Structure formats: structure tokens, C-alpha cells
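These notes concern the structure reproduced below.
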Amino acid sequence: MDKTIIRDYRDLAPDYAWDPSIFNAEPERVARVKEIIDTRLTQVDRTIFLMYTDCQSFRKLGKRFGLSHSTVRKEVERIKGIIRGYYYGTR
């Protein structure tokens, strides 16, 4: 390995060191969305939405639920609409 690269890495490493506190600083809007998900969605809607955010694929999620990807897409869009409605105060 090139010694220049190693030296450059060592110079940069302190700037990019792991800082667990970044996960404690939560923007207000993220906290608001989490609150809506926790308090305004049904358990089924919350499960569908959180599984979608985990795999981010309508087809994968459809296979897990035994549904078509278009049905899953419609449900996720409906849930997003609920979240948007509470977030922007239209519900």
C-alpha cells in the first residue's frame, strides 16, 4: 500500500472518528414523524410501514405478506398519506 495513502488516512482519521452522540441529536421533524408513527398509526399500519422502511421494496414485502407488490405499494402510500396529514396538520 502506498505510504502516502496511509499517512493521509492517519491525518484524516481523527476527523472521522466514531461519535455515538450523533444518534442522540435528533432533529425536531424526525421526532415529530416518530411520534406520529407511534401514536397515530394502528399496529398493522406501523408494522407495514416499518417493514417497508427496512427493506424498501414493494416486491420483497409483498412476498413476505403473500400479497402483490401493487397492493403493498397502495398500503404504503396510504400510510404515508396518514403521516403527512398529521405532520402538516390536515388530519
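The values are calculated or read from the model by the stated rules, or taken from the named source; none is laboratory data. A quick note: this is a predicted structure, and the numbers were derived from the prediction, not measured. Please note: Cβ atoms are built from the backbone with ideal geometry, for glycine as well, and neighbour counts cover all protein chains shown.
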(request) Return the only residue of ASP38, ASP11, ASP45 being part of a helix (DSSP H, G or I), modelled with pLDDT under 85 and either charged (D, E, K, R) or surrounded by 10 or more Cβ atoms within 10 Å (Cβ to Cβ) (or both). (result) ASP11
(request) Find the residue count for segment 53-91, including only residues that are hydroxyl-bearing (Ser, Thr, Tyr) and either buried (at least 16 other Cβ atoms within 10 Å of the Cβ) or part of a helix (DSSP H, G or I) (or both). (result) 6
